[in-house]
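The values are calculated or read from the model by the stated rules, or taken from the named source; none is laboratory data. Treat the numbers as computed from the prediction; the structure is a model and nothing was measured. Using ideal geometry, Cβ is built from the backbone for each residue, glycine included, and neighbour counts are taken over all protein chains shown. SASA here: full protein model, heavy atoms, side chains in, ligands and nucleic acids out. Shrake-Rupley method; radii C 1.70, N 1.55, O 1.52, S 1.80 Å.
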Amino acid sequence: MSITFDKVDYIYGKGTSFEKRALKDISFHIRDGEFVGIIGHTGSGKSTLIQHMNGLLKCTGGNVYYDCKDISNREYDRKTLRQNVGIVFQYPEHQLFEATVGKDVAFGPNNLNIPGLQADVRTYEALKSVGIDDSLLDVSPFDLSGGQKRRVAIAGVLAMKPKVLVLDEPAAGLDPVGRRDILDMIARIRREENITVILVSHSMEDVAEYVDRIMVMNDGALEMDGTVSEVFARRKELEEMGLSVPQISLLMGDLEDAGIIKDTGIYTMEEAVRVLSQKLLDRRGRNQ
Amino acid sequence: MIRDITIGQYYPSESVIHRLDARIKFIGTIAYVIALFLFDTFWGFLPALVWLGSIVVLSGIPIGFIARGLKPIFFLLVFLVIFNLFLTPGEVIAEWWIFKITDNGLENAGFMTLRLTLLVIGSGMMTYTTTPSQLTTGMESIFKPLGVFKVPVHEVAMMMSIALRFIPILLEETDKIMKAQQARGADFESGNIFKRAKALIPVLVPLFVSAFRRAGELAEAMEARCYHGGKGRTKLHPLKFSAGDYISLVLIIGFVVGMGFIP
Amino acid sequence: MVRFENVTFEYIRRDEEGNVDSITTALDELSLHIKKGEFIAVLGSNGSGKSTFARHINALLKPTEGKVVVAGYDTTDDDNILEIRQRAGMVFQNPDNQIVAETVEEDVAFGPENMGIPTDEMQKRVDEALKKVGLYKKKLESPNRLSGGQKQRVAIAGILAMKPDCIIFDEPTAMLDPGGRRMIVETAHELNKKDGITIILITHNMEETVGADRIIVMEKGRIALEGTPRQVFSKGEETLKKYGMEVPVITALAQKIGLDGCILTREEFVDAYVKALE
């Protein structure tokens with residue numbers, strides 16, 4: 001379903017000495033089925049932003065619409081909203097609490113008063129889609145490895161069957177192979193379930209390969225919003241914000257500066273390999 | 001951010017009182033509390049009021065701030081007044097239905113109210129003018145002799161100061177966990193008291209797990225930095241008595257002794 | 001500086017009655033020598049034994065078998081522990097869980113306080129350490145108000161104030177954003193070059209290891225690969241993937257389009273590509 005922010009403002013601790021404008025006049029529209037990355041450094045307002053999407057925070061100015069309905073409306077059913085917009089917070093494994101993996105994943109469905117059998121089915125399905133084996137159902141979540149805990153925690157949100165899935169740094173603290181596994185898994189779930197996915201990260205590198213669109217937050221404002229290549233083309237500005245651009249982008253920029261290739265907007269490995277080896281082949285062909 | 005909250009009621013300033021050694025303020029407060037119980041006539045309040053008044057003026061803390069500190073004990077005060085006013089035997093000066101107000105009752109009520117108010121403001125002055133960490137250091141130094149009786153003074157002080165540092169962090173964490181569980185449909189706002197208490201389990205379990213994890217990691221980090229208890233430890237800012245502290249000490253002794261002579 | 005001789009370490013898990021439930025071998029007959037002034041990067045997947053390895057250098061853990069010698073001191077001898085910990089400081093992953101005091105300055109002083117350094121000398125050390133990590137101006141602030149990267153630099157200053165010979169970084173950048181990461185890795189390199197401090201950097205981020213003198217790749221408590229970054233990364237994607245690692249992006253791209261030699265940096269890439277075109 002679509003999410004629309006219209007001139008959203010959020011002021012923290014209004015009237016106290018630590019009053020802070022955490023979101024500044026933010027407007028955007030995320031369509032059904034989009035794969036969006038939200039990038040920004042720590043304290044840029046990313047977390048505040050996503051908490052507005054399921055009504056955990058209420059904006060102090062402007063409006064937030066889910067499926068074209070204003071969620072700040074008094075009559076709006078917030079419980080259903082939280083079911084529809086699932087948020088996986090940073091280090092979600094820190095919120096595990098039940099005695100077994102199965103019970104923990106079923107926490108969401110139980111809160112929605114979904115009848116027993118149906119809740120069980122959801123639990124199985126959710127665990128299956130994050131790649132946790134049935135044999136772990138009755139194991140304590142605290143006995144799992146770090147990567148498994150992370151998956152179980154994500155399953156806990158998937159079991160709500162959200163239509164929009166928001167993940168805050170889902171790969172933080174994992175080793176490179178673990179990172180890739182988690183991100184691949186999210187991309188797969190998105191395809192299979194046909195849902196909207198919003199990936200929050202402070203690293204361009206992770207997000208670039210997966211998402212279609214990037215929103216860049218800086219100091220509470222939505223600084224950029226566009227396709228991946230549109231955003232990466234503004235390399236200098238990104239660097240000024242203290243954000244990193246993918247190594248491939250940087251390298252292509254260097255090659256461009258050296259007058260070797262023309263402006264390409266390339267940021268993925270495949271594209272870079274294609275363009276650079278093609279050029280090598282051309283040159284060799286000419287030399288022969 | 002939640003992290004910005006201040007623990008205790010410290011009122012930041014650079015006044016003479018703020019600059020005094022925490023130990024002096026602690027001793028002074030104890031002496032003042034004792035002095036408040038040394039007399040049983042209204043005359044005793046005069047020097048006590050002057051004493052407290054001068055401290056308040058010297059500290060530069062606004063009266064409004066101090067008055068707010070009395071809010072929590074307001075009902076206790078009201079209760080004490082009613083209790084003393086109506087239930088003390090003596091010569092009746094006013095009567096209405098079954099209620100009788102006696103002269104002794106009036107006197108007692110006034111006495112109690114004044115004493116309690118002075119007590120709360122007085123001890124409040126210590127927390128208003130001393131940061132929690134100064135207070136811990138001061139207490140550690142004062143109670144050091146208890147170490148002879150195997151009282152773990154340094155350890156207790158260290159625990160207090162670590163607690164002070166981690167309270168804001170744990171508050172923030174609580175907020176985060178609550179939001180994460182709310183995102184999974186948890187409801188903390190409706191239902192009766194039992195339902196609400198039960199709803200807290202998904203918050204408390206992760207919170208405890210996290211607190212223990214943090215404690216373990218912190219202990220490791222402290223050990224890695226050569227921490228081995230209070231033995232042979234030096235301080236970056238050791239407590240040192242200045243001239244002002246000695247003068248205050250003399251004044252405090254004078255005050256208590258003086259109060260002792262009030263009939 | 002640091003020497004591991006056939007070190008084995010076992011985590012023994014016991015049930016309620018104290019019977020042995022399971023034994024996990026975290027280090028398996030590990031032998032290694034780190035020279036003074038070296039910059040070592042340690043890689044490996046989660047659970048490969050990297051953290052256990054790090055904790056042995058600081059005597060937080062002691063070998064079940066074998067011997068660890070740090071700056072000439074054997075870690076198994078309890079009398080040596082304070083000497084070792086002063087010489088080999090450690091920066092941990094979570095910035096919040098290693099700061100003890102309520103002001104930056106007092107936290108940096110925590111180590112020297114434990115060592116019993118006299119007050120005048122201590123203030124000097126604290127100021128110097130804070131200047132080195134660029135946080136002198138924040139010395140009276142509460143650590144709670146600092147960013148993650150700044151907190152990690154406070155932790156580094158806290159170790160510098162103990163005048164160490166060696167600093168072990170246990171995934172110091174895992175919880176930081178790119179800006180914070182860059183700053184910590186730069187600080188580590190600077191301390192290595194300017195002050196000759198031996199650095200052992202444990203990380204998951206391949207790009208952070210490029211400037212190291214030597215990379216050690218751990219797997220199942222053993223050293224799986226060892227060598228200069230060039231030697232290690234030239235093993236290719238398939239080999240590294242086995243150990244939960246990736247080849248740095250630039251290196252991988254160079255390998256894929258068939259540029260000669262093992263390329264680590266963007267500059268090297270541009271040069272090599274220009275050459276290949278000629």
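Only one residue in A:VAL101, A:VAL8 is open to solvent by less than 20 Å² (accessible area, probe 1.4 Å), in contact with a Gly (Cβ under 7 Å, 6 or more places away or on another chain) and without any contact (Cβ under 8 Å) to a residue 60 or more places away in the chain, so which one is that? Talk me through it step by step, then tell me what you get.
Working: A:VAL101 fails: in contact with a Gly (Cβ under 7 Å, 6 or more places away or on another chain).
Going through A:VAL101, A:VAL8 in turn, the sole match is A:VAL8.
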- Query: Would you call B:ARG184 open to solvent by less than 30 Å² (accessible area, probe 1.4 Å), more than 11 Å from chain A (Cβ to nearest Cβ), free of Cβ contacts under 8 Å to residues at least 24 places away in the same chain and of a type in the set (D, E, K, R)?
  - Reply: no
- Given the conditions (1) loosely packed, with under 14 Cβ neighbours inside 10 Å; (2) of a type in the set (Lys, Arg); (3) at pLDDT 90 or above, and given that B:ARG23 satisfies all but one, which numbered condition is not satisfied? (1)
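Conditions tested, residue by residue: (1) of a type in the set (A, V, I, L, M, F, W, C); (2) within 11 Å of another protein chain (Cβ to nearest Cβ); (3) farther than 26 Å from A:MET269 by Cβ.
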{"position": "A:GLY147", "(1), (2), (3)": "no, yes, no"}
{"position": "A:VAL157", "(1), (2), (3)": "yes, yes, yes"}
{"position": "A:MET160", "(1), (2), (3)": "yes, yes, yes"}
{"position": "A:GLY173", "(1), (2), (3)": "no, yes, no"}
{"position": "A:ILE214", "(1), (2), (3)": "yes, no, no"}
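How about the range C:149-191: which of its residues are small (Gly, Ala, Ser) and surrounded by 23 or more Cβ atoms within 10 Å (Cβ to Cβ)?
From the range C:149-191, those small (Gly, Ala, Ser) are C:149, C:155, C:157-158, C:161, C:174, C:179-180, C:188; that's our starting set.
Across the range C:149-191, the qualifying residues are C:GLY149, C:ALA155, C:ALA157, C:GLY158, C:ALA161, C:GLY180, C:ALA188.
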- Residue, farthest from the other protein chains (Cβ to nearest Cβ), within the range C:84-127, restricted to residues that are under 22 Å from the mean Cα position of the chain (by Cα) and acidic (Asp, Glu): C:ASP107
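A quick yes/no check of all residues on (1) at pLDDT below 90; (2) within 23 Å of C:GLU83 (Cβ to Cβ); (3) under 21 Å from the mean Cα position of the chain (by Cα); (4) within 14 Å of chain A (Cβ to nearest Cβ):
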site	(1), (2), (3), (4)
C:VAL20	yes, no, no, no
C:LEU32	no, yes, yes, no
C:SER45	yes, no, yes, yes
C:THR52	no, yes, yes, no
- Note on the structure: Note on the range A:104-125: residues more than 9 Å from every other protein chain (Cβ to nearest Cβ), among the small types (Gly, Ala, Ser) and open to solvent by less than 30 Å² (accessible area, probe 1.4 Å) are A:ALA106, A:ALA119
- Which of the following residues is in contact (Cβ under 8 Å) with a residue 60 or more places away in the chain and open to solvent by 20 Å² or more (accessible area, probe 1.4 Å): C:LYS241, C:LYS194, C:LYS220, C:LYS235? C:LYS220
- Residue count, the range C:50-101, condition open to solvent by less than 10 Å² (accessible area, probe 1.4 Å) and small (Gly, Ala, Ser), comes to 4
- Item | Residue selected from the range C:244-258 under the condition under 21 Å from A:ARG283 (Cα atoms) and open to solvent by 20 Å² or more (accessible area, probe 1.4 Å), by the criterion farthest from the other protein chains (Cβ to nearest Cβ) | C:GLN255
- Query: Does at least one position in the range C:13-25 carry a residue that is in a loop (DSSP other than H, G, I, E, B), touching a residue at least 12 places away in the same chain (Cβ under 8 Å) and open to solvent by 40 Å² or more (accessible area, probe 1.4 Å)?
  - Reply: no
- Query: Where residues in the range C:55-83 are over 27 Å from B:MET160 (Cβ atoms) and among the β-branched types (Val, Ile, Thr), which of them is nearest to the other protein chains (Cβ to nearest Cβ)?
  - Reply: C:ILE57
- Task: Tell me, yes or no, whether the range A:162-171 has at least one residue that is open to solvent by 20 Å² or more (accessible area, probe 1.4 Å), basic (Lys, Arg) and closer than 24 Å to C:PRO248 by Cβ.
- Result: no
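Looking at the range C:59-79, can you tell me whether even one residue there is within 24 Å of C:ALA155 (Cβ to Cβ), charged (D, E, K, R) and out of contact with any Ser or Thr (no Cβ under 6 Å at 6 or more places or on another chain)?
Start the filter on the range C:59-79 by keeping residues that are within 24 Å of C:ALA155 (Cβ to Cβ), which leaves C:59-62, C:68, C:70-71, C:73, C:75.
In the following step, the residues that additionally are charged (D, E, K, R) were identified as C:62.
From the residues that got through so far, the ones that are out of contact with any Ser or Thr (no Cβ under 6 Å at 6 or more places or on another chain) too are none.
No: zero hits.
Answer with yes or no whether A:ILE154 is open to solvent by less than 30 Å² (accessible area, probe 1.4 Å), assigned by TED's automatic domain parsing to the domain that holds A:ILE186, within 30 Å of A:PHE28 (Cα to Cα) and not aromatic (Phe, Trp, Tyr). Give the derivation first.
Details: open to solvent by less than 30 Å² (accessible area, probe 1.4 Å): yes; assigned by TED's automatic domain parsing to the domain that holds A:ILE186: yes; within 30 Å of A:PHE28 (Cα to Cα): yes; not aromatic (Phe, Trp, Tyr): yes.
So A:ILE154 passes the test.
Please go through the range B:217-237 and pick out each residue that is at the interface with chain C (Cβ under 7 Å from one of its Cβ atoms), among the aliphatic types (A, V, I, L, M) and closer than 13 Å to C:ASN97 by Cβ.
Scanning the range B:217-237 gives B:LEU218, B:ALA221, B:MET222, B:ALA224.
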- Message: Among (1) touching a helix residue (DSSP H, G or I) at 6+ places or on another chain (Cβ under 8 Å); (2) surrounded by fewer than 19 Cβ atoms within 10 Å (Cβ to Cβ), there is one condition A:GLN95 misses while meeting the rest; what is its number?
- Response: (2)
- Message: Could you list, ordered by first residue, the pairs with Cβ atoms under 9 Å in which the first is in the range A:230-250 and without any contact (Cβ under 8 Å) to a residue 60 or more places away in the chain and within 11 Å of chain C (Cβ to nearest Cβ) and the second is outside any helix (DSSP H, G or I) and among the aromatic types (Phe, Trp, Tyr), at least 6 apart or interchain?
- Response: A:VAL245/A:TYR267; A:PRO246/A:TYR267; A:ILE248/A:TYR267; A:SER249/A:TYR267
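Criterion first (basic (Lys, Arg), more than 30 Å from B:PRO145 (Cβ to Cβ) and out of contact with any His (no Cβ under 8 Å at 6 or more places or on another chain)) does B:ARG214 satisfy it?
Numbers: basic (Lys, Arg): yes; more than 30 Å from B:PRO145 (Cβ to Cβ): yes; out of contact with any His (no Cβ under 8 Å at 6 or more places or on another chain): yes.
In short, yes.
Does the range B:189-206 hold any residues that are more than 9 Å from every other protein chain (Cβ to nearest Cβ) and either open to solvent by 30 Å² or more (accessible area, probe 1.4 Å) or in contact with a Pro (Cβ under 9 Å, 6 or more places away or on another chain) (or both), and which are they?
To start, the set of residues in the range B:189-206 that are more than 9 Å from every other protein chain (Cβ to nearest Cβ) comprises B:189-200.
Selection gives B:GLU189, B:SER190, B:GLY191, B:ASN192, B:ILE193, B:PHE194, B:LYS195, B:ARG196, B:ALA197, B:LYS198, B:LEU200.
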- Among the candidates A:SER129, A:SER135, residue that is among the polar types (S, T, N, Q), within 21 Å of A:ILE114 (Cβ to Cβ) and assigned by TED's automatic domain parsing to the domain that holds A:ILE195: A:SER129
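Condition first: part of a helix (DSSP H, G or I) and surrounded by 19 or more Cβ atoms within 10 Å (Cβ to Cβ). Now tell me which residues in the range B:92-117 satisfy that.
First, the residues of the range B:92-117 that are part of a helix (DSSP H, G or I): B:103-117.
Matches in the range B:92-117: B:GLY105, B:ASN108, B:ALA109.
State the number of residues belonging to the range A:272-283 that are open to solvent by 50 Å² or more (accessible area, probe 1.4 Å), out of contact with any helix residue (DSSP H, G or I) (no Cβ under 6 Å at 6 or more places or on another chain) and within 9 Å of chain C (Cβ to nearest Cβ).
To start, the set of residues in the range A:272-283 that are open to solvent by 50 Å² or more (accessible area, probe 1.4 Å) comprises A:274, A:278-279, A:281-283.
Then drop every residue that is not out of contact with any helix residue (DSSP H, G or I) (no Cβ under 6 Å at 6 or more places or on another chain), which leaves A:274, A:278-279, A:281-282.
If we keep only those that are within 9 Å of chain C (Cβ to nearest Cβ) too, we end up with A:279.
Of the residues in the range A:272-283, 1 are open to solvent by 50 Å² or more (accessible area, probe 1.4 Å), out of contact with any helix residue (DSSP H, G or I) (no Cβ under 6 Å at 6 or more places or on another chain) and within 9 Å of chain C (Cβ to nearest Cβ).
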- Task: Could you list, in sequence order, all residues of the range A:125-145 that are in contact with a helix residue (DSSP H, G or I) (Cβ under 7 Å, 6 or more places away or on another chain) and over 15 Å from A:ASP104 (Cα atoms)?
- Result: A:SER129, A:GLY131
- Task: Could you tell me which numbered condition B:PRO168 fails, if it satisfies all but one of (1) at pLDDT below 85; (2) exposed (fewer than 15 other Cβ atoms within 10 Å of the Cβ)?
- Result: (2)
